[in-house]
Each structure stands twice: as C-alpha cells, then as structure tokens.
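Q: Before I ask anything, here is the structure I am working with.
Here, each number is a calculation from the coordinates, and none is a lab measurement. Just so we're clear, the structure is a prediction, and the values are computed from it rather than from any experiment. So basically every Cβ, Gly included, is an ideal-geometry build from the backbone, and we count neighbours across all protein chains shown.
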C-alpha cells in the first residue's frame with residue numbers, strides 16, 4: 001500500500017517531495033494511517049486537530065492522543081476547540097454540517113502557509129457519499145462522489161478501501177481511537193455503512209472498487225459536460241452591475257433548453273420545478289418573478305433578469321435639513337445666484353431653487369401613480385411612463401430612488417429633475433446637489 005499511496009500522492013501533488021502539507025487528523029484509524037504514511041516517507045507536514053466537544057471526555061482523549069502520536073517527532077500539532085453545540089443552535093443546520101464548516105474554515109485559515117491540506121477520505125467514504133446523494137436526489141455532480149483534489153485540498157487515500165487501510169494498520173501495529181458515534185445508526189451515513197453496503201457486497205464483493213472506478217469516469221464525463229454548458233452560457237448570459245441577464249430569444253433556439261437553463265440557475269438555488277415554470281413564462285407578460293433562497297429572477301420583455309436578493313427592506317429616509325443629504329451619497333453646495341450662473345448638464349447633478357424646497361425631504365422608492373414635471377416640460381408625466389420611454393427594466397426600476405419635497409418629486413435620482421424646482425430668473429439662492437456615487441442603485445438607504 002505504501003508505494004501505491006506515494007504514487008497517488010505525487011499524481012495529485014507533483015511537487016510533493018518539497019511541498020508542505022497540513023494533515024487533518026482526528027485520531028481515528030484513517031487519519032492516523034494518513035499521518036503514518038506521510039511520516040514514513042519523511043515528507044514535510046504538520047497536523048491539525050479539531051476538538052468539537054461533541055462526545056465529552058472521549059473528545060478530549062482523542063485530542064491528547066493526536067498530540068502524543070509517537071511517530072510525530074518534529075511535526076507541529078495544531079489544535080482548535082469548538083463549542084459546537086452552542087454554535088449550532090439557531091443555525092438551522094445539522095450538527096454534522098456545522099462541524100464540517102467549522103473544520104474546513106479553520107483549515108483554510110491555518111493552511112495559508114502550506115501548499116496543500118490533506119484529508120483521509122477513502123473509497124468507502126466515496127461510495128457512501130454517492131449512495132447518500134442518490135437517496136436525496138441528485139444530478140451528475142452528485143454521483144461524481146468526493147473529488148480527489150479540490151483546490152489545495154488533497155485526498156490521496158480516496159482509491160484505497162477501508163479494508164486496505166485496516167490491513168495496513170494491523171501490519172504496522174498502529175494504534176488509533178474509535179469514535180463511538182460511528183457505531184450508532186442515528187446518522188444516515190452510518191446506516192449506509194453498516195447495512196446497505198454490506199448487502200451490496202454480498203451481491204458483488206468488489207462493489208467499493210466499482211464505485212471508485214465509476215466516480216472517476218463520472219468526473220471525466222462531468223468535465224466534458226461542463227465544457228459544453230459553458231459554451232451555452234457564453235451565448236446566453238450577460239453580466240452587468242452585479243446582475244445577470246439571460247436572452248429569451250437565444251434560449252428559445254436551444255434544443256435542450258430545460259437542461260441548459262437548469263445548469264445556469266441551479267447554482268443560484270433554483271430547482272428543476274422552478275426551471276420548468278420559468279420556461280413556461282417565456283410567452284407571458286413581463287413582471288413575473290421567481291425566487292430562490294438567495295436570488296430573484298424576473299421575466300422582462302426580452303430577457304430574464306437574475307439578481308441577488310437585497311437583504312435591505314424598502315424604506316423611506318427622512319431628511320431634516322440639506323446637510324443630511326451628505327450622509328446618503330450626495331454632495332450639497334449652497335450658492336447665491338448672480339449673472340454668471342450657468343448649469344452643468346448632467347443626470348448626476350441638479351440645481352434647485354432653495355426657496356422651493358420644503359423640509360423634511362424624503363428619499364424613497366417610486367410608487368405606482370407617481371408623477372412629475374420632467375425638466376424642460378410644462379406638462380406632467382407618470383413616472384412609470386418615463387421609465388417605459390427609457391426602457392428601464394423591472395429590477396432597475398426597483399432600485400431607483402426618488403427625492404421628494406413633501407408630496408412633490410424633486411428628482412428621479414440619476415435620471416431627471418422636476419421642472420417645478422428649477423433655478424429661475426428671480427431665484428436668490430440655490431442648491432447644487434451632486435450624486436457622488438455612480439448610480440442611484442448604490443445610495444446608502
């Protein structure tokens with residue numbers, strides 16, 4: 001096993017003889033064997049151990065065991081203790097998920113000084129993962145199992161079965177700790193390990209090896225698949241100001257559009273049913289919205305618009321004096337009008353007769369029924385019609401802010417001021433209000 005392990009390691013890390021490794025060692029059989037193998041080849045490595053305090057004194061004994069492993073003669077042993085139960089409360093996540101996130105986050109922190117982080121996942125773990133994914137419902141990536149390399153994380157034991165690791169352990173007389181939670185059927189993975197895989201091995205004693213070979217093949221097929229999906233993404237998607245648009249016309253022309261759209265939207269939290277409903281909306285009127293936990297997708301005239309949900313709820317900001325505008329992304333200057341007065345033509349700057357403003361001012365989102373008198377015009381216009389004329393899409397409309405004096409619109413911020421507040425011949429004092437940031441979308445509101 002030793003030579004095969006070393007070959008596998010060098011395949012994952014060609015610079016392995018000179019690289020620095022950080023090994024995740026729990027004290028269990030697999031991770032202790034991993035550390036023993038690294039030590040036997042005199043590789044440059046240190047050890048990281050997490051004590052999650054999930055099993056009382058047993059967790060503390062494992063921590064001491066790892067700190068005193070006899071073959072760790074010159075290696076550092078980093079230990080991190082977590083109050084996992086307390087962290088898990090109100091998280092909405094399982095204790096296993098919380099522990100996993102804590103572990104990998106800590107590994108990334110201390111692993112910055114190392115070329116690679118190494119875990120002891122093996123072929124049985126891989127088979128269990130595939131079965132779990134299939135039972136929960138999965139796509140191609142779910143049956144790919146555990147990747148042997150993910151960024152700087154390596155899993156060089158992934159091609160070795162639990163039996164092969166057990167045999168090495170016996171031959172080398174390696175001592176290890178037994179995690180009592182692994183003996184319980186409380187967790188799905190343990191039920192698969194204790195009951196389902198043994199039944200599968202009765203049918204085919206080489207089932208673990210077959211899982212290993214199949215997942216390698218599935219990973220190659222997924223790479224090929226992803227290459228073609230990326231080509232469709234290049235045709236369909238446009239990125240603009242932290243949002244993504246999907247061309248409906250181009251989507252219609254794709255034969256397998258359901259599959260392609262699923263691959264585009266699934267990373268944003270949309271499932272297969274969502275995708276089916278989104279496709280049905282292609283012939284409907286603009287405005288239909290679809291939501292995932294993190295994103296919103298809106299059907300517009302020619303595109304689907306995908307954007308992150310804003311955590312901030314719509315609100316009105318009350319401005320008690322002109323200086324307060326400075327707090328919300330504006331620069332304000334007060335001037336006395338004279339014969340040299342001239343205005344810079346820009347949608348980001350307005351000139352307002354100071355006497356016409358009534359405080360407090362309000363910054364808010366636009367509402368149905370809003371109207372104003374566009375600068376240079378004597379007749380009023382609905383704000384919704386103004387947006388339509390400019391072909392502003394639905395998501396953009398939701399972001400635009402309105403500056404009001406009492407019930408009257410002073411400025412559709414970043415777009416057009418109101419004629420009623422213009423600087424005129426009899427104006428004595430006026431304000432120059434400059435939008436300091438590039439877009440009203442980013443006002444601090």
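Q: Calculate the spin-label point distance for residue 235 paired with residue 388, positioning each point 7 Å from the Cα along the beta-carbon direction, and give it in nanometres.
A: Roughly 3.4 nm, to one decimal.
Q: What percentages make up the Cα-Cα pair-distance distribution of region 241-308 when the bins are 10 Å wide from 0?
A: 22, 62, 17
Q: Same structure again: Describe numerically, in nm with one decimal, the distance between label points set 7 Å from Cα along Cα→Cβ at residue 283 and at residue 271.
A: 2.7 nm
Q: Using mean Cβ contacts within 10 Å as the protection proxy, how do 402-412, 168-178, 102-112 order, highest first?
A: Put in order of decreasing packing, that is 402-412, 102-112, 168-178.
Q: Something else: Provide, as a two-decimal number, the C-alpha radius of gyration of region 2-219 over 2.2 N^0.38 Å, N being how many residues it has.
A: 1.01
Q: Ranking request for peptides 343-349, 259-265: highest mean number of other beta-carbon atoms within 10 Å first, then the rest in descending order.
A: Order by mean packing, descending: 259-265, 343-349.
Q: Considering every Cα-Cα pair within the chain, what fraction, in whole percent, is farther apart than 29 Å?
A: More than 29 Å apart: 64 percent of the Cα pairs in the chain.
Q: If you take the Cα atoms of region 60-135, find Rg, then find the Kirkwood Rh from the mean of 1/r over all pairs, what is Rg/Rh?
A: Checking Rg against Rh, the ratio lands at 1.02.
Q: Considering the Cα trace of region 5-107, what is its radius of gyration and what is Dmax, both in angstroms?
A: Reported Rg and Dmax, both Å: 15.2, 45.
Q: Let me ask you something else. On average over all directions, what projected area in square nanometres does region 317-442 have, based on the convex hull of its Cα atoms?
A: 7.5 nm²
Q: Further question: Does anyone have the angle between helix 2-12 and the longest principal axis of the chain? Alpha-carbon axes, 0 to 90°, nearest 10?
A: Around 20 degrees separate the two axes.
Q: Once R0 is set to 60 Å, what does the formula 1/(1 + (r/R0)^6) return for the Cβ-Cβ distance between residue 253 and residue 428, expressed as a FRET efficiency to the nearest 0.05?
A: Plugging the Cβ-Cβ distance into 1/(1 + (r/R0)^6) gives 0.45.
Q: Something else about it: With n ≥ 4 as the cut-off for DSSP H runs, can you work out [θ] at 222 nm for the chain, using -39500 (n - 2.57) per run divided by the number of residues, rounded to the nearest 500?
A: Calculated at 222 nm, the ellipticity per residue is -10500 deg cm²/dmol.
Q: Additional query: Working from Cα positions, state the angle (0 to 90°, nearest 10) between the long axis of helix 57-67 and the longest principal axis of the chain.
A: Taking the Cα atoms of the chain, the angle to 57-67 is about 80 degrees.
Q: Moving to a separate point now. Sort 273-284, 28-39 for me by packing, meaning the mean count of neighbouring Cβ atoms within 10 Å per residue, highest on top.
A: 28-39, 273-284
Q: If you stretched the chain out fully between residue 87 and residue 336, how much longer would it get, using 0.36 nm times the residue separation minus the C-alpha to C-alpha distance?
A: 83.7 nm
Q: Return the Cα extents of region 153-283 along principal axes one, two and three, sorted largest first, each rounded to a whole Å.
A: 66, 35, 29
Q: While we're on this one: Could you work out which residue, out of 118, 423, 296, moves most in a Gaussian network model of the chain, that is, has the largest mean-square fluctuation with Cα springs under 10 Å?
A: Greatest mean-square fluctuation among the candidates belongs to 423.
Q: Can I ask one more? What angle, in degrees between 0 and 90 and rounded to the nearest 10, separates the Cα long axis of helix 123-136 from the longest principal axis of the Cα atoms of the chain?
A: Approximately 40 degrees, to the nearest ten.
Q: Taking only Cα atoms and a 10 Å spring cutoff, compute GNM fluctuations for the chain and point out the largest among 287, 92, 142.
A: Maximum among the listed residues: 92.
Q: Then there's this: Build a GNM of the chain with springs between Cα atoms under 10 Å: which of 190, 429, 51 gets the top mean-square fluctuation?
A: 429
Q: Please compute P(r) over all alpha-carbon pairs of region 91-206, binned at 5 Å starting from zero, and give each bin as a whole-number percent.
A: 2, 9, 13, 21, 23, 18, 9, 3, 1, 0
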